[in-house]
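Enquirer: Just dropping this structure here.
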Amino acid sequence: MARKTSLFFIIASFLSSCYSLEKSVEASLPYSEEINWPEVYKPTKAKFFVHNEIEIEAPPEMVWNILIQAETWPEWYEGASDVNVRNTESGILTKNAVFAWQTMGLNFTPSIKEFAPPYGLSSESEKKSIKGYHARLIIPTDIGCKLITDESQYGLLTFFEKTFQPKKLQ
């Protein structure tokens with residue numbers, strides 16, 4: 001049994017080396033520097049960090065209005081289900097909102113930590129096995145805007161995420 005356990009950790013260690021925190025943080029620059037990261041979630045301190053960005057041919061206000069309608073996320077994001085904004089009847093995220101949703105097969109109940117229309121929206125989710133801070137930044141461009149989504153995580157599940165599914169959040 002000890003041999004199988006050792007083999008598992010050798011394979012897991014090898015696979016986790018495929019994920020590079022440094023490369024993810026570097027790819028997020030200079031945008032991640034514009035995010036008001038709580039100290040514990042700063043990208044360079046994260047156990048797992050992912051950066052995504054997309055250019056959108058729409059004004060920031062339009063993208064913002066779609067983004068804050070959390071209960072409609074499953075209509076355009078296949079990874080979202082059972083979204084429910086808990087402290088408003090409108091289903092729209094607001095300052096200090098709390099929402100429940102399922103993503104990646106797990107249930108989360110994040111709370112909004114930064115609400116800066118129409119450019120910044122951040123939420124924090126804390127479970128026993130994983131803690132995360134998800135920041136969304138909307139930057140005006142000549143053709144519309146760029147939507148940046150950065151997520152910083154730590155906790156036991158981050159080891160498995162970066163080892164077995166390092167590209168899942170991209």
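Enquirer: From Leu93, Leu137, which residue is among the aliphatic types (A, V, I, L, M) and within 15 Å of the chain's Cα centre (by Cα)?
Expert: Leu137 is the lone residue from the list that is among the aliphatic types (A, V, I, L, M) and within 15 Å of the chain's Cα centre (by Cα).
Enquirer: Could you please find all residues in segment 111-133 being among the hydroxyl-bearing types (Ser, Thr, Tyr) and at pLDDT 90 or above?
Expert: Ser111, Tyr119, Ser122, Ser123, Ser125, Tyr133
Enquirer: Then there's this: Does Ala70 fit the bill of being out of contact with any Pro (no Cβ under 6 Å at 6 or more places or on another chain), small (Gly, Ala, Ser) and under 23 Å from Pro30 (Cβ atoms)?
Expert: No.
Enquirer: Those residues that are within 17 Å of Ile130 (Cα to Cα) and without any contact (Cβ under 8 Å) to a residue 12 or more places away in the chain, I need them from segment 74-110; list them, please.
Expert: Gly105
Enquirer: Next question. What pairs can you find where one residue is in segment 111-138 and more than 14 Å from Glu151 (Cβ to Cβ) and assigned to a strand (DSSP E or B), the other is at pLDDT 95 or above and of a type in the set (Phe, Trp, Tyr), and their Cβ atoms are less than 7 Å apart, with a gap of 6+ or different chains?
Expert: Ile138/Trp64; Ile138/Tyr119
The values are calculated or read from the model by the stated rules, or taken from the named source; none is laboratory data. This one's a predicted model, so the numbers in the text were calculated from it and none came from an experiment. Neighbour counts run over all protein chains shown; Cβ positions are idealised from the backbone, glycine included.
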